[in-house]
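Asker: Right, I'll just put the structure down here and ask away after.
The values are calculated or read from the model by the stated rules, or taken from the named source; none is laboratory data. Nothing here was measured: the structure is a model prediction, and the numbers come from that model. Quick reminder, even Gly has a Cβ in these numbers, built from the backbone with ideal geometry, and neighbours come from all protein chains shown.
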Amino acid sequence: MDTRRLLKSFNRGDSEGIWIISEGELTLEVGSNVKYASFANDGHTTVDLDSGKDRRWVPGRWEGDRFEYDKNVDTVMLLKVKWVDGSGYWDNATAIFEKVFKKSLEKRLQGWLDQIGGVQ
């Protein structure tokens, strides 16, 4: 179920999970207080960290080809250990930021140079 919780959690300067990007003297700090943010970005294994077991029963039901977690039903699915690839959202966001930042910086710098050049 996608509640957009992770996306909504990103805040500037969040002390619980800060990422820092610096370019020259400019710094952008962005953080999330969602504990699974790094797992979603980097990937993770489905092992039960509390018990260390390599498989567990998860309550829920099948809706077509999709399993929906529901702790209030009697039906279950066996979840075996596997690797879940990360989305790499942070790397993608960083690449976009760097591209946009560079264009913005070049545009501002050119504007400042034009102003200086026009001053007599």
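Asker: Within region 40-55, track down each residue that is exposed (fewer than 14 other Cβ atoms within 10 Å of the Cβ) and either modelled with pLDDT of 80 or more or closer than 19 Å to THR3 by Cα (or both).
Answerer: Matches in region 40-55: ASP42, GLY43, THR45, ARG55.
Asker: Take GLU25 and tell me if it is at pLDDT below 75, of a type in the set (Asp, Glu) and surrounded by 10 or more Cβ atoms within 10 Å (Cβ to Cβ).
Answerer: no
Asker: On to the next question. Mind listing just one residue for me: the one in region 74-120 that is assigned to a helix (DSSP H, G or I) and among the hydroxyl-bearing types (Ser, Thr, Tyr) and, of those, modelled with the highest pLDDT?
Answerer: It comes out as TYR89.
Let's see how each residue does on (1) in the same structural domain as LEU7 (by TED's automatic domain parsing); (2) closer than 22 Å to ARG5 by Cβ; (3) of a type in the set (Phe, Trp, Tyr):
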residue	(1), (2), (3)
TRP57	no, no, yes
ASP65	no, no, no
ASP70	no, yes, no
VAL73	no, no, no
TYR89	yes, yes, yes
ASN92	yes, yes, no
VAL100	yes, no, no
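Asker: With the requirement that a residue be on the phi > 0 side of the Ramachandran plot and in a loop (DSSP other than H, G, I, E, B), what does region 32-73 give you? Full working, then the answer.
Answerer: Kept after step one, since they are on the phi > 0 side of the Ramachandran plot, are these residues of region 32-73: 43, 52, 60, 64.
Across region 32-73, the qualifying residues are GLY52, GLY64.
Asker: Any residue in region 88-106 that's more than 27 Å from GLY43 (Cα to Cα): show its pairings with residues that are charged (D, E, K, R) and surrounded by fewer than 14 Cβ atoms within 10 Å (Cβ to Cβ) at Cβ separation under 7 Å, as long as the two are six or more apart or on different chains.
Answerer: These pairs meet every condition: PHE101/GLU23.
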